[in-house]
Amino acid sequence: MKIKRYMAGLLLGAALLAAWPIAASAHFEPVGYSDVAVEGATVEYALYMDPYQLMEFVDLDLNSDGYVDEAEVKTQAEALKAFMGTGLQLSSGGATAEPVIGEIQLTEKGKLPMVRADLLFTFAESVENLDIEYAFFQKEGFVHHLNMAHIQLAGETKDVVFTKAASSFIWNHGKAAAHRWSAVPSQTMVKFGGLAGLSLLLALCAALWKRRRTLKKA
C-alpha cells in the first residue's frame, strides 16, 4: 500500500513537472503575450507586457507604493507607446510597415497583470507571408523575457514562444519554411520541459529507492 501511494505521488509530480516551462517562466521570468491577426493588408497586434519589467524603462510607480495601477499606466501612456512601438519589426514580401499604436491599458492576461498595447501594421498589398522580429531582446533587461504568441494567418493559426535565442518568426504561407532562426513552437517547450522533468523525477526515485534499501539493511 505504501508503495502504491509512493508511486501515485511520483506520477503526480511528473504531471506537474510536465508543465515546467510555463510554470517556471510565470514565476521566475517575465512573461508577455502576443495576439496577432492578419486581415488582408493589415496586421492587428495586441502586445501584452509585464508592467513590473517595464518599470526598468518607464517610471510606472509614480506614487512609489510598489504597485502599478491603471491611473499610472494612463499617465505614462505616451512613454509606453514610445517604448513598445520600437520593439516589433514586421515585414511582408520584403516590405516593412510602421505601427500605429492605439490604446494603452492595464489589463490581465494569463491571470497576470499586463500592460496591453494595440498596434496596427498596414502594408501596401495583402499579406501572404509574414516575418515578425521580436526585437525587445535587443534591449538590456529583456534577456530572460518570454513572449507567447498566437498568430492567425489565412485561416490557420500558429502558437510560438519568442525567446532570446529564437526571436523571429517567418510564415511563408503555402511554401517551404525559410531557413532562419524562428520562434519555438509552444508544444515543443512543453515537450522538452516534460522530458527534463521526467528525467529529474526518475533520478530522484532511484535515489530514494537506494536510500530505502540502505535503511532496511542497517
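So that you can scan it fast, the table gives a plain yes or no per residue for (1) of a type in the set (Lys, Arg); (2) within 21 Å of the chain's Cα centre (by Cα); (3) at pLDDT 95 or above:
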{"position": "Tyr52", "(1), (2), (3)": "no, yes, no"}
{"position": "Met55", "(1), (2), (3)": "no, yes, no"}
{"position": "Asn63", "(1), (2), (3)": "no, no, no"}
{"position": "Gly66", "(1), (2), (3)": "no, no, no"}
{"position": "Glu72", "(1), (2), (3)": "no, no, yes"}
{"position": "Phe83", "(1), (2), (3)": "no, yes, no"}
{"position": "Gly93", "(1), (2), (3)": "no, no, no"}
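For the stretch 38-45, the count of residues that are free of Cβ contacts under 8 Å to residues at least 60 places away in the same chain and of a type outside the set (Gly, Ala, Ser) is at least one. The strands (runs of 3 or more DSSP E) falling completely within the stretch 78-172 that include 3 or more residues that are open to solvent by 70 Å² or more (accessible area, probe 1.4 Å) and out of contact with any Pro (no Cβ under 9 Å at 6 or more places or on another chain) map to 99-109.
Among the residues of the stretch 60-77, is there at least one that is open to solvent by less than 50 Å² (accessible area, probe 1.4 Å) and without any contact (Cβ under 8 Å) to a residue 12 or more places away in the chain? Yes, the conditions are met somewhere in the stretch 60-77.
The values are calculated or read from the model by the stated rules, or taken from the named source; none is laboratory data. Treat the numbers as computed from the prediction; the structure is a model and nothing was measured. Note: ideal-geometry Cβ built from the backbone for every residue, glycine included; neighbour counts use all protein chains shown. With ligands, DNA and RNA removed, areas are computed over all heavy atoms of the protein, side chains included. Shrake-Rupley method; radii C 1.70, N 1.55, O 1.52, S 1.80 Å.
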